[in-house]
1. How shielded is B:57-66 by partner chains, expressed as the average number of their Cβ atoms within 10 Å of its Cβ atoms?
2. Going by the alpha-carbon gyration tensor, a ≥ b ≥ c the square roots of its eigenvalues, is region B:1-59 rounded (a/c under 1.5) or, if a/c is not under 1.5, prolate (a/b greater than b/c) versus oblate?
3. Starting from the amide H of residue B:76, placed 1.01 Å from N in the peptide plane, find each other amide H under 5 Å away whose residue is 5 or more places distant or on another chain.
4. Could you please rank B:88, B:136, B:186, placing first whichever residue has the fewest other Cβ atoms within 10 Å of its Cβ?
5. State the volume of the convex hull built on the alpha-carbon positions of the protein assembly as shown, expressed per residue in Å³ and rounded to an integer.
6. Treating only the Cβ atoms of Lys and Arg (+1) and Asp and Glu (-1) as charged, compute the dipole magnitude of chain B about its Cα centre; round to the nearest 20 debye.
7. Output wanted: per-residue J couplings in Hz (rounded whole) for region B:20-35, from phi through Karplus 6.51 cos²θ - 1.76 cosθ + 1.60, θ = phi - 60°, x for Gly and Pro.
8. Please report A:158, B:240, A:205 as a ranked list, fewest other C-beta atoms within 10 angstrom at the top and most at the bottom.
Amino acid sequence: MMDMVAYWAPKQGTAFSDWEDGAAYNRCSGWFAVADGASTGINSREWAYTLTGSFISNRPERALADPATGFELWVEKTREGFDPGSRDFLPSRTPLWVQAEGTKRGAHATLLAGRIAAGTLRAIAVGDCCLFLVRAAGRVESFPLASPQDFDAHPQLVSSLPVQGRRPASPPRPFERDLEAGDVVYVASDALAQWLTGQRGNPAVWHMLSRIGNAGFRDLCADLWDGKHMKNDDITLLRAKFGSIEGRH
Amino acid sequence: MYDQQINRGNPGCIVFLIDQSASMNEPFAGTHRTKATALAGAVNQLIRNLVIQCQRGEEIRDYLELGIIGYGSAAESAFAGRLSSHQLVPISAVADYPARMATESMPGNPDLRIDRPVWVDPVARGATRMTAAIDLAGSFLVNWANAHQSSFPPIVLNFSDGQATDGDPRPIANQLRNIVTDDGSLLMFNINLSSAAGVPIEYPSSPAGLPNPYAAGLFDMSSELTPFMLTAAREMGLTVAPGARGFVYNADPSRLSEFLDVGTRVPLTEH
């Protein structure tokens, strides 16, 4: 079983129930997913939850092996099961016309998801959630964005609307690396990811994150917000550690 | 200045001043629709979009309060239906109480019809009591600003097709723009709706080149666009210089939609 854990913090000034990212993982199988619902659509929180839950439960190997076609097949299947009115979510208190408008406009989210298995890390990214591979020797690699300046207000999004009738989105970007003992993988939603891309050359930050727990994570977020080092936004961080690997095949 | 994020703790406020004089029954910029019909449609669409922007999860969050004042022979609330006579309404209540749902055909697909909420109806009768409308807006916005000193300041959008018939509105407009919060002064933007198709003047930085004293008067009454709005305008492909005012003269339907979009771009909280 892998050492895998996720932390989250709602935006400053909001309640925990207002947190609108999604995160899911399976320590046994090594599948993981982080999603960030976009404010431009209705039901984006529910869509983020649905995307991450679907990735872990469906284990879409083809989405990782063949992102150009396999990813859209998995998303289409996820769309079919998307029901923002389901009992899994809080009942809507919005007027019917708002709900109808939401259905028409669709929901949207960024996504970074993948699997760690047999000594290999594979991931796909749509938008600005980022993965950070921290090697035991200290080198830090980030994917898909490399610096704080790479982030903007219009990331690519995964839509709950069917492809028919709209322009297909670009396929997700793939990432694959062999892992070594002592490597640590982080997946962060955009606000934290933007700060972390600027910390790639600061080993103290990665040492701190490797040991952080719930309370320390909340304190870190509060410090970064208070110091205006990080955008005031919902924060999610997933961490996976490798003490050993099963093999490279 | 003008960077206070709008959220439930620090809500924003937008008021529409809508010319409902008899001349609003004339065609809009050479189209088949009247100015009154086009303006009511554009305002209803913007309100619908603002409601959607304030939706989070299972609720509409009161990030904004909205007001609509119509001015013809009188100046009064132009909300139709259950919200009539209300001056400022939290956006959750705006969402709950449209006057009615109207069935429209989709642009480009006339066989597909969709129900859309209506809050304001097209009206075109009487004079142009613009000064009275600005005065009425000021009477409740000064109280709103006093109660929301940490908030982004109020935004007032004035839509007209001609000169005020109840005196020079510039002094009362200047008083309106002196209403302040800690984040800045009230923003007033003006748009002149044209009957004939012509060349519009958009977001000027100076009155030089304005065709007549009426246009110059509207320019004087218009606030500069905030940095956030300037960025939004440029992202929309508009050419706006530093110091550009929220003012469009001789507008046509597309300029009306752009004006509504630019003039209501505020730092709305994302979550």
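Every number here is computed from the coordinates shown, using simple stated rules; none is lab data. This one's a predicted model, so the numbers in the text were calculated from it and none came from an experiment. Reconstructed Cβ throughout: ideal geometry from the backbone, glycine too, with neighbour counts over all protein chains shown.
1. Mean number of neighbouring Cβ atoms from other chains: 4.
2. prolate
3. B:70
4. Ranking B:88, B:136, B:186 by Cβ neighbours within 10 Å, fewest first, gives B:88, B:136, B:186.
5. Taking only Cα atoms, the protein assembly as shown has a hull volume of 150 Å³ per residue.
6. 240 debye
7. Going residue by residue, I get 10, 6, 4, 5, 5, 7, 7, x, 8, 6, x, 8, 8, 8, 6, 4 Hz, with x marking Gly and Pro.
8. So the ranking, lowest neighbour count to highest, is A:205, B:240, A:158.
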